[in-house]
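Chemist: Let me begin by handing over the structure; questions about it come next.
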Amino acid sequence: MSQKIQRPKGTADVTVSEVYRWHYVENMLRENARLFGYRETRFPVFEHTELFIRGVGDTTDVVQKEMYTFEDKGGRSITLRPEGTASTVRSYIENGEAQNGAPYKAYYIVPNFRYEKPQAGRLREHHQFGIECFGAGSYAADAEVIAIAASFIKKLGIKTKLKINSIGCPHCRPAYHKALREYFESKKGELCETCLSRLEKNPMRILDCKSPVCSAIAEDAPRAVDYLCDDCRDHFEGLKQSLTDMGIDFAVDTSIVRGLDYYTKTVFEFVFDGIGAQGTVCGGGRYDGLIEQLGGAATPAVGFGCGIERLLLAADASGFVFPDAPTCDVYIASADAVGAKQALKIASELRALGVSVETDLCSRGLKAQMKNADRIGAKYTIVLGENEVNENKAILKNMKLKEQLESSLDASCIAEAIKKGSN
Ligand SMILES: [Zn+2]
Ligand SMILES: [Zn+2]
């Protein structure tokens, strides 16, 4: 035997018996997005590296440490997408979406890639549900985006705390950066090497450094909310009022800055206490400068990303009961060659009527076929042989209730009997 090959570290398989949970969550997310008027967008798994350096920010952990970057055979620098927002913005600009009017409302369900230390719900390949709303500068858009997340989190029975913060805009940020820089200068001897390099360029990044020493220092740092300009303060007050009007509970947490450079004004996280050390189920905010920064016209933007693996973990930890996976409607076993031939014909006709049917693929005897019907959880079984074909009759056995129904050997009659039987 050849040696087995294992999947790369930090990746996961979704097996045939688990995938129904993914389908359930993905369908719910799509339907929930539809209720708010968001449509799906799709984009490539890899992009030019430049997109993320400019779009995510070259002082972030993501760009500095976590990207899967390689040179392709044409000598271009290519990166596997580490997050969805930069790609959505690139696509929005490239496809001239602004011409179709504002707001542009999109969602995506995509895999993202980050080279980081794998832990529960945090993989090197993880799946993300993302929401983006471009062209709406009002706090009403922030509130809507938050309401989308609150809505699906509730549908999965997950108990979270919504934490919101405002980190200001280009008008008020210089004063805040100055205050931060002064504070961190005084602690220069204790900061980690990465943070020392961030001190000049972007002192806000020190606030979410993962080093315990840096995070302890960050606790007493100046708070962005104390430096907001009038516009940012009005925006933040408006958001809080809108959330209250929608009945969405929240708390202001001034320690939330999010790990990416592009945020302005609102940032938020839905935090769950049950998963690991870091229980953020969903996080996002406003990034009014990003579209311009990536070559588009100045356009306000707000959105969030939500890890699907984490969402599943949180749903499990909250005791959410997923509906059972759909099983086979009817298994048609064959007693002989005549029955096998008839089984193929009836199976095709039933499938055309939307009934799921399985037949024997392993040349098994009747007893083994019935055992297989049990294994796959078939709701009904039908045994076909020469007798049944001659008498034009099918006995449908309900596997759970052990009841029998009789039908003529006709697909629409069988489909009708199954429909009646399952009520
Ligand atoms: Zn401001
Ligand atoms: Zn640090």
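The values are calculated or read from the model by the stated rules, or taken from the named source; none is laboratory data. Note that the coordinates shown come from a computational prediction; the quantities given were computed from them, not determined experimentally. As a convention, Cβ positions derive from the backbone with ideal geometry for all residues, glycine included, and neighbour counts pool all protein chains shown.
Chemist: If you go through the stretch 97-127, how many residues are more than 20 Å from residue 36 (Cα to Cα) and more than 18 Å from the chain's Cα centre (by Cα)?
Modeler: 4
Chemist: Write out, first by first residue and then by second, each pair whose Cβ atoms fall under 8 Å of each other, whose residues are 6+ apart or on separate chains, and whose first residue, in the stretch 1-14, is among the aliphatic types (A, V, I, L, M) while the second is assigned to a loop (DSSP other than H, G, I, E, B).
Modeler: Matching pairs, first to second residue: 12/123.
Chemist: Before we move on, is residue 251 more than 17 Å from residue 145 (Cα to Cα) and of a type in the set (A, V, I, L, M, F, W, C)?
Modeler: Against the criterion (more than 17 Å from residue 145 (Cα to Cα) and of a type in the set (A, V, I, L, M, F, W, C)), residue 251 does not qualify.
Chemist: Looking at the stretch 171-217, which of its residues are among the basic types (Lys, Arg) and within 16 Å of ligand 1 (Cβ to nearest atom)?
Modeler: Across the stretch 171-217, the qualifying residues are 173, 178.
Chemist: Follow-up question, since we're still on this one. Here's a check for you: in the stretch 220-229, which residue that is aliphatic (A, V, I, L, M) and in contact (Cβ under 8 Å) with a residue 60 or more places away in the chain is surrounded by the most Cβ atoms within 10 Å (Cβ to Cβ)?
Modeler: Checked the stretch 220-229; the qualifying residue surrounded by the most Cβ atoms within 10 Å (Cβ to Cβ) is 228.
Chemist: Continuing with this model, one more query. Within the stretch 121-205, which helices (runs of 4 or more DSSP H) (wholly inside it) include 2 or more residues that are outside the structural domain of residue 300 (by TED's automatic domain parsing) and touching a residue at least 24 places away in the same chain (Cβ under 8 Å)?
Modeler: The qualifying helices (runs of 4 or more DSSP H) are 173-185, 193-201.
Chemist: Which one is nearest to ligand 2 (Cβ to nearest atom), of the residues in the stretch 206-219 that are free of Cβ contacts under 8 Å to residues at least 24 places away in the same chain and more than 31 Å from the chain's Cα centre (by Cα)?
Modeler: Among them, the one singled out is 213.
Chemist: Being surrounded by 21 or more Cβ atoms within 10 Å (Cβ to Cβ) and either among the polar types (S, T, N, Q) or in contact (Cβ under 8 Å) with a residue 24 or more places away in the chain (or both) narrows it down to one residue among 348, 334, 363; which is it?
Modeler: 334
Chemist: Output the residue which, of all residues in the stretch 219-250 that are charged (D, E, K, R) and not in a helix (DSSP H, G or I), is nearest to ligand 1 (Cβ to nearest atom).
Modeler: Of everything passing the filter in the stretch 219-250, 223 is nearest to ligand 1 (Cβ to nearest atom).
Chemist: Follow-up. Looking at the stretch 308-331, which of the residues that are of a type in the set (Phe, Trp, Tyr) and under 30 Å from residue 351 (Cα atoms) is surrounded by the most Cβ atoms within 10 Å (Cβ to Cβ)?
Modeler: 331
Here's the yes/no breakdown for (1) under 30 Å from residue 117 (Cα atoms); (2) surrounded by 17 or more Cβ atoms within 10 Å (Cβ to Cβ); (3) more than 11 Å from ligand 2 (Cβ to nearest atom); (4) among the polar types (S, T, N, Q):
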site	(1), (2), (3), (4)
186	no, no, yes, yes
189	yes, no, yes, no
232	no, yes, yes, no
243	no, yes, yes, no
250	no, yes, yes, no
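Chemist: What are the pairs with Cβ atoms under 8 angstrom where one residue, in the stretch 291-304, is more than 24 Å from residue 128 (Cα to Cα) and the other, located anywhere, is polar (S, T, N, Q) and surrounded by 22 or more Cβ atoms within 10 Å (Cβ to Cβ)? Sequence gap at least six, or different chains.
Modeler: Qualifying pairs under 8 Å: 292/299.
Chemist: Would you pick out the residues in the stretch 307-359 that are within 16 Å of residue 376 (Cα to Cα) and among the acidic types (Asp, Glu)?
Modeler: Answer for the stretch 307-359, where residues must be within 16 Å of residue 376 (Cα to Cα) and among the acidic types (Asp, Glu): 324, 329, 358.
Chemist: Could you check, for the stretch 260-272, whether at least one of its residues is under 28 Å from residue 149 (Cα atoms), among the acidic types (Asp, Glu) and in contact with a Cys (Cβ under 9 Å, 6 or more places away or on another chain)?
Modeler: Yes, some residue in the stretch 260-272 is under 28 Å from residue 149 (Cα atoms), among the acidic types (Asp, Glu) and in contact with a Cys (Cβ under 9 Å, 6 or more places away or on another chain).
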